[in-house]
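Below is one structure, written out as structure tokens; the observations come after it.
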Amino acid sequence: MHQSFVNYRNYRYGTLAVLVTIATITAYMLDKPRVPPNGGTWLGYTLGTIAGVLVVFLSLFGIRKRAFHSRMGTAIGWLSAHVYLGLAALIIATLHSGMHFGANVHTVTYVLMCVVTLSGCWGVYAYVRYPGLMTRQRGNLRRKELLQQIEELDQRSLGMAQGARRVEALIVDSIRRTDLDDPSFWAQLRGRDRSYIMIGTEAAVQPAHLVPNFDNHALIEQLAEMRLAAHDETTRATFQNLLECAGAKAALLQRLRRETTLAARLRLWLFIHVPVCCALLAALGTHVITVFLYW
Amino acid sequence: MSAEQFELAVVGAGPGGLSAAARAAEQGMSHILLESAAKHANTVQQYQHHKHVMAEPSVLPLRSDVAFAAGRREEILDAWRQAIQTSRINIRYRSEVTGIEGTRGNFVLRLKGGAAVHARHVILALGVQGNPRQLSIPGGDLPCVQYTLESAEALKGERIIVIGAGDAAIENAISLARANRVTILNRGTGFPRAKEGNAGRVMRAIAAGQIHCVMEAKPKSLARIPGSAAPAPYIIKVDSSTGEQSIPCHRIIARLGAVPTRSLLEGAGAKFLSDAPDAAPELSSRYESTVPGLYVIGALAGFPLIKQAMNQGYEVVEHLLGRVVRPADHEILASVFRRLRNGHDVEGTLRKIHGTVRAFRGVKELALRELMLSSTILIPAKGTQLFTRGVYSSSVFNILRGEVHLSAGDGPPMTLRAGQLLGEMALISGRPHEASAVAGADCVVLETPHSAMRKLVRSEQSVRDYVDKVYALRALRVFLMPHAGPQTIAALSEGVRLHRIKAGEALFKQGEPFERFYLIRSGSVSLTRKTGDRDAVIAYGAAGAYLDAAGCLAGESVRSMSAHATVTTEALSIDQVRFRRLLGADPLVKAKLQAESAQQLAHHAHMQAQPQAGKVFSYLMSHGLGEATSVLVIDEDLCVGCDQCEKACAATHDGVSRLDRSAGPSLFSLHLPTSCRHCEHPHCMQDCPPNAIHRLPDGEVSIADTCIGCGNCVENCPYGVIQLAQVAPKASLLSRIGRRAPKEVAKTAVKCDSCAGLKGGPACVRACPTGAAIRIHAEDVLKLAKGRAAATQQ
């Protein structure tokens, strides 16, 4: 019942793109111009026009997907066409160039087109691969539920630590400095845990200092030491429980970060695709104007 | 104590009572207005602050000496307070009436505290809220005890005890638990009195540790704790199944229910239309109960809207003054009946309809008038389709004149004549029509919305009996024996029994004797079979399905499966012996059943071989798929989280998204976001005072602009898909430039309407670029999930 943009309507736009590509390649092979193939022959102009129109059409996807009242096809149809015709456009543009490259605006346009298409391919890969990975990664737990479970573990730890000042201070501090949601995109992408913890708050041996608490490591170490130093069975059991909570929280934090990283990776390609596409449109305009003004 | 004598005693200073008393005061009639609380309009006082109160139905003119127009709660209460001061109303607060005796000309109203009031006539305008039951334990009068909750948001970080296990207690506890430590004291062990949705919500909250619950709890005493060392200033002692407990608290919210107003009326000798708890009293067209001189108006009389109550108060006093006053709905009814051009006035037409339509024969005039207000007279040309098989509708039809031809499936068409009912199957099942109806010559029909008809069915036993009888006859014909003649069907229908079961209850259990053959009428059941220790789901039966056809055909003496309701379900049943006799006599029915049972057997075997599929099935049912008609399903393997679905929803619905993509259950990469499922019997429709929720022809359940923002639907929806939102009209460019403050808009209920009216289907689906979002029927969701489960198993 679900249909992906890849196999939308039995590869309708994939087939169209293949047909257009075959037709243009055949025309290129059959065409025997008096000068070596280039953008200035009749076929060159024709291919250039097709590629140009396609680029403009592909850019319109950005408008169509925001036009929620539009009845012009569906967003999935547009995306499917965008992907396949985008690939075809690059081949047609290559044929249009006649393999003539140089240090000029025309080649810049072509290079930009290559960048846009390649980043688009990366986007297709991301869209096909990451959603499934993310689903398997989070199981049936959504982000909100993960955060809820983390909070529950925090509350449980706090409850257990109540009364023992040093342990309570340690737990409170680890919670306060847990890095749950770094707003920076790069931080999300790298998936680094920037949690810290202040240790040695009461000990005379060393002054209080901040240490990284990546995956609750520092907290777990501290709790483990405290457990070893504990004298009675009840205290040891409490520390054991606290350790289990800290371990469980570390596992949840890992899942949360992995999901955040995947979500960031899912968007990363757009930071190239969209701005370069704008640059491409500008370059394409310049390319067309230059061709008609100076050639 | 001396008793006072008045011409009129009005009980309850709500809008209806105020309007009656103001009219009496204006006309110099000796009167008294008795109010149990310390303020007027107790129910409106308890609305949340700044709530926008609407004045529906807008077509009904206001007849009252007291002003009322749509506006904020505070403005309305203030206007009424001023009216009390300026119009010489003789009002007495804190005067709770505990009993009424006597009859016209000689009523005695007993007040709490022993006083009595004598009156020639009495108007009861009590509303349905009743007086809250008090917490009668030592310390129950301490200031920490309250009986209502105005705003849950205002309370934070407190230890709060909620006493009670009804809807009010549950709703308060859940809303308070977000920012407080809440303990529910429940006298029993479950929540049987609460709505299914609320019971489910509170059980989940208790299981998740968000709310603490003491079962079999009996509060013993409440006391203030001296000193400030304690975690809370009060302590309540409670007897429970685990012994006596002392629980510290800041506040106690006692939701012990209300002393029902009905008992006061029954005590006075008035009769009610039925035993249903929400049934209205039996009233004349002048709102007079079966006790002469005792009038009932407003919500207690079955009219929940403010304007209706105010009009009725005015009309009753005018009637007592001996003036002929036409009911306020007269003009509306006249316009409804205008198309008939039959020469009768409104009353004459009503009498004629009453005499003609069989469903309405036992219905009282007031109920009929109310039904007519929302009904329409249709005069379709011959050959016009009234409804089509497979299409949803939200109306039933009663033939006033001429005939209608009904055709369903393979059988010959049936001809229905004046007085007969049409569309009762869709009314009962909440599903699309099972038959098509075409108007014959000279046909006039009365179209009545499902909501109005359901209200009538609930309150009038005679209507319920008639609809059940018609349903049984037609269902036997449509689902079982389209070829049979009316006599055969009528004879068979005599032995038909109706069963109503709640979600989770069993219609029959494996191992029980096979006594009856069942046909589902509404709701759905899951069929399970126990083999060894394993309970496997083998099928799902929705409205129109017969259960265990194979077992019936084979003449099994013991059930080989169990049937449990997934939602509230109704089923018809026929005695097995009688049914087998019919099978012997009618080879066509036998052949039909044989074909069905072959299919069922194959399906059961298939399901039994896939235990995962059974689990998926049970999981989906536990999330309400058993009553869904259209479900938004997101394939998580395709969803990139772009939220285009939500953006599209907001863009096409005044900026408010009606779906929450990330919320909702997920299973096997299928995610059911929080979005309306357009239930077969929408919970939201059950209690909508302005009757603003409708089902559209394609099955969408939609809220009209007449919504008054009361929030009943939000509370009643077990799936949390309705929200109250300010739907502001788009600001004009000029006002944006001039930065004029946008006009304040009242909050109204909003929910997914499947983009009815938007060509091309739901915007969320159309805007999904990766194809992850689709909207499909619940049965297709089951198929999809089964496929996923099978793929996972391999």
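Any read-out appearing in this document is the output of simple, stated calculations on the displayed coordinates, not a laboratory observation. Because the structure is predicted, anything quoted here is derived from the model rather than measured. Because the Cβ atoms are built from the backbone with ideal geometry, glycine has one as well, and the counts that use them run over all protein chains shown.
Over all pairs of different C-alpha atoms, the stretch B:101-184 has a mean inverse distance whose reciprocal, the Kirkwood radius, equals 16.2 Å.
Gyration tensor analysis over the Cα atoms of chain A returns equivalent ellipsoid semi-axes of 60, 21, 14 Å (largest first, whole Å). Here the calculated FRET efficiency for A:Phe101 and A:His209, from their Cβ-Cβ distance with R0 = 41 Å, stands at 0.10, rounded to the nearest 0.05.
Note on the stretch B:496-528 and the stretch A:38-110: Cα centroid distance 62 Å, given to the nearest whole angstrom. Rounded to the nearest angstrom and listed largest first, the equivalent-ellipsoid semi-axes of chain B from its Cα gyration tensor are 45, 36, 28.
Round to a whole angstrom and tell me the spacing of the C-alpha centers of the stretch A:240-295 and the stretch B:100-145. Distance between centres, Cα-based: 69 Å.
Under the definition of Cα pairs under 8 Å and six or more residues apart, what whole-number percent is the relative contact order of the stretch B:622-793? So the answer I get is 31 percent. Amide H contacts of B:His31 (H built 1.01 Å from N, in plane; Pro and chain starts excluded): B:Glu7, B:Leu8 sit under 5 Å, all sequence-distant by 5 or more or on other chains. Only beta bridges with both residues in chain B are counted; by DSSP, about 75 percent of them are antiparallel. Using the structure shown, list the pairs from B:Lys271/B:Lys455; B:Lys615/B:Lys783; B:Lys39/B:Lys156; B:Lys271/B:Lys307; B:Lys615/B:Lys647 with a Cα-Cα distance above 23 Å, or answer none. In this structure, B:Lys39/B:Lys156; B:Lys271/B:Lys307; B:Lys615/B:Lys647 lie more than 23 Å apart at Cα. A simple spin-label model places pseudo-atoms 7 Å from Cα toward Cβ; at A:Leu147 and A:Asn7 they are separated by 3.6 nm. Note on the stretch B:145-258: semi-axes of the ellipsoid equivalent to its C-alpha gyration tensor, largest first and rounded to whole Å, are 21, 16, 13.
Normalised by the number of residues in the stretch A:158-218, the average gap of Cα pairs under 8 Å and 6 or more apart makes the relative contact order 27 percent. Only bridges whose two residues both fall in the protein assembly as shown count here: according to DSSP, what percent of them are antiparallel, nearest 5? Restricted to the protein assembly as shown, the bridges split so that about 75 percent are antiparallel.
In terms of its C-alpha gyration tensor, the stretch B:1-158 comes out oblate, because a/c is 1.5 or above while a/b does not outweigh b/c. Inter-chain Cβ neighbour count for A:124-136, averaged per residue, equals 4 (cutoff 10 Å, partner chain atoms only).
Shown is the FRET efficiency for B:Glu74 and B:Asp141, computed with R0 = 30 Å from the Cβ-Cβ distance and rounded to the nearest 0.05: 0.55.
Peptide packing: for B:419-425, A:164-170, the average count of neighbouring Cβ atoms within 10 Å per residue gives the ranking B:419-425, A:164-170, highest mean first. For chain A, the 222 nm mean residue ellipticity estimated from helices alone, with every DSSP H stretch of n ≥ 4 adding -39500 (n - 2.57) and the total spread over all residues, rounds to -24500 deg cm²/dmol. Working note: Cα atoms of the stretch B:494-609, range along each principal axis, descending, whole Å: 39, 29, 23.
Rounded to the nearest 0.05, the FRET efficiency derived from the C-beta distance between A:Ala224 and A:Tyr125 at R0 = 25 Å is 0.05. When you restrict to C-alpha pairs under 8 Å that are six or more residues apart and normalise by the size of the stretch B:436-587, the relative contact order lands at 27 percent.
Of all stretches in chain B that contain no trypsin sites (Lys or Arg not before Pro) in a DSSP loop with at most 10 other Cβ atoms within 10 Å, the longest one is B:342-729. Quick one: Debye curve from the alpha-carbon atoms of the stretch B:622-793 only, equal weights, vacuum; give me log10 I(q)/I(0) at q = 0.08, 0.10, 0.18 Å⁻¹ to two decimals. The Debye formula, applied to the Cα set alone, gives -0.27, -0.41, -1.17. Say a paramagnetic label sat at a point 7 Å from the Cα of B:Asp643, along Cα to Cβ; which residues of the stretch A:173-187 have their backbone N under 17 Å from it? A:181-185, by backbone N distance to the label point. Taking 0.36 nm per residue of separation and subtracting the Cα-Cα distance, full extension of the segment from B:Glu153 to B:Thr376 would add 75.9 nm. The slack in the chain from B:Arg286 to B:Asp654, taken as 0.36 nm per residue of separation less the alpha-carbon distance, amounts to 128.1 nm.
Between amide H atoms placed 1.01 Å from N, distances below 5 Å from B:Val631 occur with B:Ile776, B:His777, B:Ala778, all of them 5 or more places distant or on a separate chain. Cross-link reach is defined here as a Cα-Cα straight distance under 26 Å, omitting same-chain residues fewer than 8 places apart; for B:Lys590 the lysines meeting it are B:Lys469, B:Lys509.
Within the stretch B:1-113, antiparallel bridges make up roughly 55 percent of the DSSP beta bridges whose residues both belong there. Distance between the C-alpha centres of the stretch B:381-417 and the stretch B:676-715: 26 Å, rounded to the whole angstrom. Helical content alone sets the calculated 222 nm signal of chain B at -8500 deg cm²/dmol, taking -39,500 (n - 2.57) per DSSP H segment of four or more residues and averaging over every residue. In the stretch B:607-638, which residues have a backbone nitrogen under 13 Å from the label point lying 7 Å from B:Asp780's Cα in the Cα-to-Cβ direction? Answer for this model: B:629-634.
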